[in-house]
1. With each pseudo-label sitting 7 Å past Cα toward Cβ, what's the T65-W157 distance in nm, one decimal?
2. Binning at 5 angstrom from zero up to the longest distance, how are the C-alpha pair distances of the stretch 61-126 distributed in percent?
3. Round to the nearest 0.05 the FRET efficiency obtained for L83 and H126 when R0 = 25 Å and r is the Cβ-Cβ distance.
4. What are the extents of the Cα atoms of the stretch 170-260 along their three principal axes, listed from largest to smallest and rounded to whole Å?
5. Compute the FRET efficiency between A220 and S174 as 1/(1 + (r/R0)^6), taking r as their Cβ-Cβ distance and R0 = 25 Å, and round to the nearest 0.05.
6. Would you count, across the stretch 62-191, every pair of lysines whose alpha carbons are under 22 angstrom apart, provided the pair is eight or more residues apart or spans two chains?
7. With charges set only on the Cβ (+1 for Lys and Arg, -1 for Asp and Glu), what does the dipole of the stretch 32-144 come to about its Cα centre, in debye to the nearest 20?
8. Report the label-to-label distance for E196 and V97 in nanometres (one decimal), using points 7 Å from each Cα along the Cα→Cβ vector.
Amino acid sequence: MRQVNLFEPHVDINAHAGGGKSPQRDMNPDAHTAVITPIGLDWSRIRILLLDMDGTLLDRHFDDTFFLEVVPEAYAARYHLDLPTARQQVLAAYKEVEGTLAWYDLAYWAQRLELDISALQNKVAHLIRPHPHVMTFLQQLRERGYPLHLVTNAHAWSLRLKLAKTPIGPCLTSTTTSHDLGHPKEDPRFWQRLRERLNFNPDQALFIDDSEPILERAAAFGIGQLLHVAKPSSALPPVHARRFLSVVGLHQVPLPWVSV
C-alpha cells in the first residue's frame, strides 16, 4: 500500500492555480490520464473519501466551548468549586485518558463527573454548524458518484445531535464511529477494522481530518492521499500541518470535473 506525498505544507493554493486557468473540460472520463488538481490530489486514483466530522465538516467551536467552558462550569456548580479549580480538575481528568476511546465517550464523562452531559450539550447546540462551503463540497462529490464515509471519534450521543442539527447526513454514504470499532482513530487497529467494515483499498482513499496525529496514523496504515484542515474552529486562527498538505477549509480543494 503506497502513500502519495501530497507536496509540502504551507502551500499557497492560489499560487498553484495556473494563473487562473481551468482544467480542460473535454477530458475523456474513461481515460487513464492522471487527473491532478492544483493542490496535488490525483482524483483519477481516488475511489472513496473518508471524512472526519468535528473540525473537518463541522465547526469545532461547539466542541471546544462544550468541553472547555460548559463542562467546567457545570462541574464547578455541581461540586461548589470556584471556576479555576473546577477547570483544573476537569482538564486533568481529560488528560488522563487523552487519545483513548474514553476521551471521546460521553457516557464515560457523565458517569465520572456525575453530570448530565446530554443536557449540557443541548445548552450550546446552537453552535453546531457545518463549516462554510462544506455542503457544496459534499453535494458536488456525491453528484460525481464518490462514496463519502464519515469516520469519526464522536460518541453516539454527539453524533445523533449533530446529524439532527445539520444537513450533512443525507450526503453521507455511511457513518462509522470509533466506538463502533472499539478503538479510536489514533489506534492502528481502528484502521484495520475500518478497512474490513467498508471493504476498500486504502491506496484509493482520500482521508481528510484536522488532526495531524490521526493523519499520521492513517499514513502509517497506507491511506493513499491525505489532507489536513488547518482551521477546525471558527474561533481560532489556522494552524497548518508540518507534514501534510493543509488547507484552511474544504472550499480550497479543487473538485474533480469527471465522475468516479
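1. 1.9 nm
2. 3, 18, 30, 29, 16, 3
3. 0.65
4. Principal extents (Cα only, largest first): 35, 32, 27 Å.
5. That pair, A220 with S174, gives E of 0.60.
6. For the stretch 62-191, qualifying lysine pairs total 4.
7. Magnitude of the dipole: close to 420 debye.
8. Reported label-point gap for E196 and V97 is 2.4 nm.
Every number in this text was worked out from the coordinates using simple rules, so none of it is lab data. All of these numbers come straight from a predicted model, not from anything done at the bench. When we count neighbours, we look across all protein chains shown, and the Cβ atoms used for this are built from the backbone with ideal geometry, even at glycine.
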